[in-house]
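Structure, as structure tokens:
The values are calculated or read from the model by the stated rules, or taken from the named source; none is laboratory data. The structure displayed is predicted, hence computed values, not measured ones. With ideal geometry, Cβ positions are generated from the backbone for all residues, glycine too; neighbour counts draw on all protein chains shown. Surface areas here come from the heavy atoms of the whole protein model, side chains and all, with no ligands, DNA or RNA. Shrake-Rupley method; radii C 1.70, N 1.55, O 1.52, S 1.80 Å.
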Amino acid sequence: MPGFEVFGEEEKKQVLDVLDTGVLFRYEFDAQRKGTYKVLEFEKAFTTYTGAKYAQAVTSGTAALKVALTALGVGAGDHVITQGFTFVATWEAILDIGAVPVFTEIDTTLNMDPVDLEKKITADTKAIIVVHMLGAQARIEQIKAIADAHNIPVIEDTAQSAGGTLHGKHLGTFGACGTFSFDSVKTMTTGEGGMCITNDEQTWRCMSEYHDHGHDHIPNPGGRGGEGRSFVGFNFRMMELQGAIGLAQLAKLDDMIAGQKANKALLKNCAKALSGVSFREILDHEGDTATFFVFMLENAEHAAAVNACLRENGAGAINWGENCWHFYPQWENLLEGKSLCKNGWPFTAGGKRRFYHDPQALPASAELMARTLCYPIPVKMAEADKERLLNALEKASHI
Ligand SMILES: *Cc1c(COP(=O)(O)O)cnc(C)c1O
């Protein structure tokens, strides 16, 4: 799963290229940097790899979501629909721009349920964030068609599925904008970092300017200090060191995915013996990045018994239903409207609560999550780990 498993000479060489110039900033210092522009090069490599026309590197996957939403003109009071199974960053970005997160059920893809999405669209819906969770595709073609019919832009949170495809097309290139994370546990990593991709030049310009305090990046005699600005921005700039590591990691991404696929296939083959087991619906196995292996049991009790046995044998699986960072009913800070802001923003404005989220609002997802178990898949799996996992799954098949 994490790209740090394959750190090697390539990453070191890239980083030393940057340190040799002494320039860590992605802009300016033209004479001193001797032609080294790692972040720019990384953006170009990312467009070549994904097939998107434009890429904008940023500081994190969370920043990428905020930059994408802002570039698409979404802001305070707007509603943004996403799914109730995702990392907290997805709705943190929505809250951070003052918008209201609205959550859909997930289906057997463990991603957004298009039927529920359709029910939740209102006149206030100004964007949809589809998440390609756990390495595999959401029903993005269907969701895009629904969104198009309502004229609502789609952002694909591809933080967990870099390198994934659906029917030969890269995840992140279906919607108005795709966002990626390169944090320390993602398949390709730069420690911290993120990327936004789009095919629309205007959207890219807005992202580029917004992420750099509004700088318009138009060459002028005054240099950076002489640049103009069309709107207010913020600072989400990626550093040269991250761009350098990103270049080395991107070159290894397909090999990492191939390693994960082989390890996942081993586990899946063994898990077939579990009684009543079914597998997460993968829309296109070819395009799966295999960062996780997900299987479902018949009900919550059976899943708990199977997991107890797996734990006893040193190979406990993740049950996302119990996990407070990824599943809606466990997000008590969101549900209870807890904020550092003394006036209660973004949950309260003018002394009045702006919106509520009912913990029971996603019953279909809760039922599914309670009987779902999951293993993260490493790029390299030691023989001893393989044996332990396969042995535990074999033991659990008698339950
Ligand atoms: C990791 C992750 C993010 C946030 O990325 P950071 O780089 O850690 O800020 C956003 N969405 C999902 C689904 C993630 O898994």
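Annotations for the structure displayed:
- Thr90 being among the hydroxyl-bearing types (Ser, Thr, Tyr), at pLDDT 95 or above and not in a helix (DSSP H, G or I): no
- Hits in the stretch 243-271 - residues which are within 28 Å of Arg26 (Cβ to Cβ) and open to solvent by 30 Å² or more (accessible area, probe 1.4 Å): Ile245, Ala251, Lys252, Asp254, Asp255
Residues are listed down the side, and each one gets a yes or a no for (1) part of a helix (DSSP H, G or I); (2) among the β-branched types (Val, Ile, Thr):
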site: Gln32; (1), (2): no, no
site: Glu41; (1), (2): yes, no
site: Lys44; (1), (2): yes, no
site: Val67; (1), (2): yes, yes
site: Gly73; (1), (2): no, no
site: Ile81; (1), (2): no, yes
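- On the stretch given as the stretch 161-184, residues that are part of a loop (DSSP other than H, G, I, E, B) and either without any contact (Cβ under 8 Å) to a residue 40 or more places away in the chain or open to solvent by 30 Å² or more (accessible area, probe 1.4 Å) (or both) total 5.
- Residues located in the stretch 340-368, provided they are small (Gly, Ala, Ser) and more than 20 Å from Thr86 (Cβ to Cβ): Gly344, Ala349, Gly350, Gly351
- Scanning the stretch 16-40 for residues that are within 21 Å of Ser184 (Cα to Cα) and out of contact with any Asp or Glu (no Cβ under 9 Å at 6 or more places or on another chain) gives a single hit, Leu16.
- Positions within the stretch 303-328 being part of a helix (DSSP H, G or I) and either of a type in the set (Phe, Trp, Tyr) or open to solvent by 50 Å² or more (accessible area, probe 1.4 Å) (or both), in sequence order: Ala304, Arg311, Glu312, Trp320, Glu322, Tyr328
- Odd one out for Glu43, checked against (1) among the acidic types (Asp, Glu); (2) within 14 Å of Met239 (Cβ to Cβ); (3) out of contact with any strand residue (DSSP E or B) (no Cβ under 6 Å at 6 or more places or on another chain): (3)
- Close pairs (7 angstrom Cβ cut-off, 6 or more residues apart or separate chains): closer than 15 Å to His326 by Cβ in the stretch 86-101, of a type in the set (D, E, K, R) and near the ligand (Cβ under 9 Å from one of its atoms) anywhere: Thr86/Asp157; Thr90/Asp157
- Output for the stretch 185-202, where each listed residue is crowded, with 22+ Cβ neighbours inside 10 Å and away from the ligand (no atom under 16 Å from the Cβ): Thr198
- Scope the stretch 77-111; condition under 20 Å from Cys341 (Cα atoms), more than 10 Å from the ligand (Cβ to nearest atom) and surrounded by 24 or more Cβ atoms within 10 Å (Cβ to Cβ); matching residues: Ile94
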